[in-house]
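Let me begin by presenting the structure, written as structure tokens, before commenting on it.
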Amino acid sequence: MHRGLPSCIIAAMEEIRTGKPGAISVAAYRQAGVDIDAGNRAVELMRRSVGSTHGPQVLADVGYFGGLYALDGQNPNGPVLVASADSVGTKLMLTSIMGTYGKAGQDIVNHCINDILACGARPLFFLDYVASSHIVPEQVAEVVAGMASACRVAGCALIGGETAELPGIYQTKEFDVAGFIVGNVARDRLVLGKEIQPGDVVLALPSSGLHTNGYSLARKVLGLEGDPVEVRRRLDTYEEALGCTLGEALVEPHRSYLAEIAPLLDMPGRPIKGMAHITGGGLIDNIPRVLPDGCAVELDTSAWDVPPLFRLIQAAGHIDPTEMARVFNMGVGMALIVAPDQAGSVQASLSESAEIGRVVPQTGDERVVLRGGSRV
């Protein structure tokens with residue numbers, strides 16, 4: 001079963017089997033090269049410059065999952081454009097090794113769709129940016145074909161983009177994929193979390209894996225750095241705990257929640273008060289983005305099944321549970337916050353969901369409190 005696996009993964013699987021954890025590392029993501037705190041600090045430093053460009057049409061400061069621009073600033077029911085930009089990140093290093101370029105295209109489209117969906121918007125159009133040290137036309141075409149496939153499913157137009165060849169900036173055979181999306185929603189239909197209050201219920205929609213975040217840490221602790229041939233051999237190893245190869249689990253495309261959530265946005269009574277797309281920053285940093293001042297959430301970590309891939313990563317890196325919840329989605333791709341008397345009807349309309357927590361008054365610095373043991 002373990003033939004060809006690096007020793008860290010073998011040890012991790014033994015810890016999962018026996019339930020005996022190893023030593024705990026601190027700030028593992030920072031040690032892997034990504035500093036979440038520095039990213040948050042950068043946002044704060046740029047806030048004044050960004051705000052200096054805003055007129056009355058801009059409806060929100062930075063911090064929401066999408067930028068909000070009212071086409072008719074005086075109309076309370078007028079159309080609002082919701083825009084977002086993001087990239088696939090270091091997941092692309094595995095994409096290059098495995099040749100799953102089409103999946104990378106799906107990743108970026110679905111990520112961006114979920115961001116604006118968290119504000120209540122449906123997608124209108126998408127633009128892409130593909131950059132590399134040296135253009136390989138077939139690879140670029142496969143990436144864009146994946147984007148087009150995801151756009152067709154979402155009813156979103158892929159209207160253009162940029163392909164850049166930048167030797168000296170990108171290392172040989174490496175590339176980058178970013179996306180830019182614009183959607184729309186009536187102003188009185190925006191979902192911004194302003195009505196959230198203590199007692200509201202937190203529902204979770206499952207993720208399809210790591211989505212597009214946490215790969216720098218995952219690659220480090222799973223021994224997926226270095227010689228591409230050796231990394232590919234490890235990626236091709238079948239994992240019984242995962243039900244597929246390690247590589248298949250890691251490059252599974254980012255899931256879109258548009259088809260499930262769009263009907264909820266049209267329900268009478270507007271049951272969804274807030275939505276958080278669980279991306280970089282994990283559960284810890286993303287849910288507070290939709291919480292009003294004075295509110296926090298308590299999450300019951302025994303209320304949902306954490307997929308084996310996350311447990312494998314945690315054991316391999318001896319990562320503290322709180323840091324896991326700040327780096328990864330832990331199996332929760334989208335969190336919905338609804339009034340308690342609406343939770344049942346919302347769940348009945350979803351194919352799969354779980355009630356994972358409640359909104360509570362904030363009593364300290366923490367805005368996401370994990371309860372229920374060490375499953376996360």
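The values are calculated or read from the model by the stated rules, or taken from the named source; none is laboratory data. Please read all numbers here as calculations on a predicted model, not as lab measurements. Using ideal geometry, Cβ is built from the backbone for each residue, glycine included, and neighbour counts are taken over all protein chains shown. Remember, those area values only see protein heavy atoms, side chains included, never the ligands or the DNA or RNA. Shrake-Rupley method; radii C 1.70, N 1.55, O 1.52, S 1.80 Å.
Data overview
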| item | result |
| --- | --- |
| Any hit, region 315-324, residues being assigned to a strand (DSSP E or B) and either open to solvent by less than 10 Å² (accessible area, probe 1.4 Å) or at pLDDT 95 or above (or both) | yes |
| Residues of region 87-132 satisfying the condition of being closer than 14 Å to Cys151 by Cβ and either charged (D, E, K, R) or modelled with pLDDT under 95 (or both) | Asp107, Arg122, Asp128 |
| Check on Asp300, open to solvent by 10 Å² or more (accessible area, probe 1.4 Å), of a type outside the set (Ser, Thr, Tyr) and in contact (Cβ under 8 Å) with a residue 60 or more places away in the chain | yes |
| Residue identified as out of contact with any Pro (no Cβ under 8 Å at 6 or more places or on another chain), closer than 21 Å to Leu192 by Cα and of a type outside the set (Val, Ile, Thr) among Asp293, Asp300, Asp320 | Asp293 |
| Leu242 closer than 28 Å to Ile97 by Cβ and either part of a loop (DSSP other than H, G, I, E, B) or open to solvent by less than 20 Å² (accessible area, probe 1.4 Å) (or both) | yes |
| Hits in region 328-355 (condition: open to solvent by less than 20 Å² (accessible area, probe 1.4 Å) and assigned to a strand (DSSP E or B)) | Val332, Gly333, Met334, Ala335, Leu336, Ile337, Val338 |
| So Glu260, is it in a helix (DSSP H, G or I), more than 15 Å from Leu190 (Cα to Cα) and under 17 Å from the mean Cα position of the chain (by Cα) | yes |
| Residue check for Leu190: closer than 30 Å to Gln74 by Cβ and hydrophobic (A, V, I, L, M, F, W, C) | yes |
| Any hit, region 281-289, residues being at positive phi, outside any loop (DSSP other than H, G, I, E, B), crowded, with 21+ Cβ neighbours inside 10 Å and not aliphatic (A, V, I, L, M) | yes |
| Of all residues in region 260-280 being open to solvent by 30 Å² or more (accessible area, probe 1.4 Å) and in contact (Cβ under 8 Å) with a residue 24 or more places away in the chain, the one that is nearest to Glu366 (Cα to Cα) | Gly280 |
| Total residues in region 356-366, condition in a strand (DSSP E or B) and open to solvent by 60 Å² or more (accessible area, probe 1.4 Å) | 2 |
| Top-ranked residue of region 218-238 - restricted to ones that are open to solvent by less than 50 Å² (accessible area, probe 1.4 Å) and of a type in the set (Val, Ile, Thr), ranked as nearest to Asn329 (Cα to Cα) | Val221 |
| Filtered residue count, region 190-206, keeping only those that are open to solvent by less than 20 Å² (accessible area, probe 1.4 Å) and at negative phi | 8 |
| Close pairs from region 149-168: first closer than 17 Å to Ala85 by Cβ and touching a residue at least 40 places away in the same chain (Cβ under 8 Å), partner loosely packed, with under 13 Cβ neighbours inside 10 Å and of a type in the set (Lys, Arg), Cβ under 6 Å, at least 6 apart | none |
